Amino acid sequence: MIPYPARVDDVPGGLAVRLAPGFVIDAPATFDTAWLRAAIGARAGWDSGIRSVAHDAATVSLRLAEEASEHPEGYRLRADGDRIDIAAPTEAGLFYGAQTLVQLLRPAPGDGWRVPAIDIEDAPRFAHRGLMLDVARHFFGVETVCALIDRAAALKLNTLHLHLTDDQGWRLHIDAWPRLTEVAASGSANGDPGGFFTREDYRGIVAHAAARHMTVVPEIDMPGHTHAVGVAYPHLAAAPVLTDDLRAQATELDQELPAAGEPYAGWAVGFSSLRIGDPRVEGFVRDVVAEVAALTPGPYVHIGGDEAHGTDPSDYAAFVRHAAEAVAAAGKTPIAWHEAGLVGGLPAGTVGQYWGLRSPVDGQDDAARAFDGGVILSPADAVYLDMKYDGGTRLGLTWADGPTSVERAYDWDPATVIDGLDEARVRGVEAALWTETIATPADIDEMVFPRIATAAEIAWSPSSALAAERTWESFRVRVAALEPLWHALGIGFFASPEIARVTR
Ligand code: TNX
């Protein structure tokens, strides 16, 4: 099982539960039993049209019960004889118990499928368990995003952060500023085709995420990473700042440097900025933030704030405060990349997202600690899913301290990244898939699986429960046990030589 549960026990004298296609699901009317039947059917290879029949005795019972867990996302699962009982205080808890059940299914030679007799009590260590998808460098449509939601939710992740805007494209229609998507969404990095979400598309993603107990966090990255804004509305953008560092980046990548107002298909970062101090820019930020907030039922709007190398520091500070206030005024909690922490004067509750290495340098600790709303940890050398696995990886980058093997991705503890930060102020963990080199759904699968499982376990599994199981040796065997499920779901995961191989 991944993430490994807080407590797992045998049932003394218990019997494995045999599951056949006609098993019975007994659940509250609000629970999506069709989803569970399809999830189990997909693993077992059963036709999802099969209806339950009484003589296929085993019952999966899902029950809402306040006392089942002290944690709102916790659950209790007990399998023995002809019953699997899942109890939880909330629908989310039932959903996570059901996800554990899907992972427990094993083929019984000559005898269908079984779930071992087992007693599990489980709850997450962190409230924020996220995956970020960059749809700006390469655009991915609703279907791909929804498939990724299903895959992330199966590992008990509860947040999808959409990086909706960057130098290469603007990916969400904004009524008040229609040229953003009319003009600045048609391309992607490397000259690949672009695209954007209509309001309906975005609502569809949010609804699908909600059905899988995931919250969508939209990011509008500002004031850097905004070249696309200037393609649509030249009067809002400052001229690209082409520093020596940027020239070096472009030479190394063998890519053109951006010209003002021209679409950008390279990967250099840090040259673009908005025209800070211009009242039209302030109006733009207010309009965009208000529309995005209104479309988003979740409590957060992410304002970016990273790598604004082309922005004067005092302009940066003024801008970030303004953007964060616009989020607060729209009734949401701002999230910003950690650089924004040192600005000071951000609205109460603003959350930081740390993207440095596992060992912070140059005041990154101070920046991360400065957010009174706490910090989401995305250490780039652990959870950046766009890093190569090893020297031979077809896709990906290596800037975050070289390739990130699966073992390396697994080898860190959220409690020790930011010096002097109390664990209670760590909101959780978020893996990030930046997409400069990732262009297709198959590319996503290859870079996300299996490493996403490391982040899922680090974010969910209570550290105390894992004395025996939170070891690389245990993890690599448990990931291998998930591979047949991933096969059954059509996930084109990277068959890492680090993972123990099993047959079915
Ligand atoms: C850093 S970390 C970025 C992104 C890039 C990524 C590539 C951070 C907040 N920004 O702009 O896409 O590296 O790995």
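With +1 on the Cβ of every Lys and Arg and -1 on the Cβ of every Asp and Glu, and nothing else charged, how large is the dipole of region 268-318 about its Cα centre, in debye rounded to the nearest 20?
120
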What does the helix-only formula give at 222 nm for the chain: each DSSP H stretch with n ≥ 4 adding -39500 (n - 2.57), the total divided by the residues, and the result rounded to the nearest 500 deg cm²/dmol?
-9000 deg cm²/dmol
Which of Gln99, Ser474, His128, positive extreme of dipole for the chain (C-beta unit charges):
Gln99
Solvent-accessible area of Lys388 with every protein chain in place, 1.4 Å probe, in Å² to the nearest 10
40
Compute for the chain: radius of gyration divided by Kirkwood radius, i.e. Rg/Rh, restricted to C-alpha atoms, rounded to two decimals.
0.99
Would you rank Arg78, Arg427 by solvent-accessible area, highest first, keeping every protein chain in place and using a 1.4 Å probe?
Arg78, Arg427
Loop sites in region 240-303: GluC sites (Glu not before Pro), DSSP, at most 14 other Cβ within 10 Å:
Glu256
If you take every DSSP beta bridge fully contained in the chain, what fraction is antiparallel? Give it as a percent rounded to 5.
35
With θ taken as phi - 60° and the coefficients 6.51, -1.76 and 1.60, list the Karplus ³J(HN,Hα) couplings across region 286-294 in order, rounded to whole Hz; mark glycine and proline as x.
4, 4, 5, 4, 5, 5, 5, 4, 5
Helix 142-153 versus the longest principal axis of the chain: what is the Cα-based angle in degrees, 0 to 90, to the nearest 10?
50
Please report how far the C-alpha centroid of region 402-424 lies from that of region 317-343, rounded to the nearest whole angstrom.
26
Share of alpha-carbon pairs per 10 Å distance bin for region 186-259, given as whole %:
14, 32, 32, 17, 5
Is there a quick way to get the dipole size of the chain? I mean about its Cα centre, with the Cβ of Lys and Arg at +1 and of Asp and Glu at -1; what is the value in debye to the nearest 20?
1400
Could you please tell me the mean projected area of the C-alpha convex hull for region 135-213, averaged over all directions and given in square nanometres to one decimal?
5.2
I'd like the Karplus ³J(HN,Hα) series for region 158-175: coefficients 6.51, -1.76, 1.60, θ = phi - 60°, whole numbers in Hz, and an x wherever there's a Gly or Pro.
10, 9, 10, 9, 9, 7, 8, 9, 6, 4, 7, x, 10, 10, 10, 4, 10, 3
Would you please name the chymotrypsin sites (Phe, Trp or Tyr not before Pro) within region 347-407 that are DSSP coil residues with at most 13 other C-beta atoms within 10 Å of their C-beta?
Trp399
Ranking by accessible area, most exposed first, for Arg212, Arg275 with a 1.4 Å probe
Arg275, Arg212
Student exercise, region 147-281 dipole from Lys, Arg, Asp, Glu Cβ charges, in Debye to nearest 20:
600
Working from the pairwise distances between different alpha carbons, so that the mean of 1/r is found and then inverted, what is region 7-122's Kirkwood radius in Å?
14.1
If amide H atoms are modeled at 1.01 Å from N in the peptide plane, then the residues at a separation of 5 or more from Arg275, or on another chain, having amide H under 5 Å from its own are Ala237, Ala238
Options Gly396, Ile118, His227, ranked by Cα towards positive dipole end of the chain, top entry (Cβ charges)
Ile118
Given Pro299, Leu242, Ser69, which one lies farthest toward the positive end of the charge dipole of the chain, if we put +1 on the Cβ of every Lys and Arg and -1 on the Cβ of every Asp and Glu?
Ser69
Using only Cα atoms, locate the centre of region 206-235 and the centre of region 430-458, then give the distance between them in Å, rounded to an integer.
19
I'd like to know how region 108-181 sits against the 2.2 N^0.38 Å rule of thumb: what's its Cα Rg over that expected value?
1.71
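The values are calculated or read from the model by the stated rules, or taken from the named source; none is laboratory data. Because the structure is predicted, anything quoted here is derived from the model rather than measured. Note that each Cβ is placed from the backbone with ideal geometry, even for glycine, and that neighbours are counted across all protein chains shown. We work out accessible area using only protein heavy atoms, side chains counted, and drop any ligands, DNA or RNA first. Shrake-Rupley method; radii C 1.70, N 1.55, O 1.52, S 1.80 Å.
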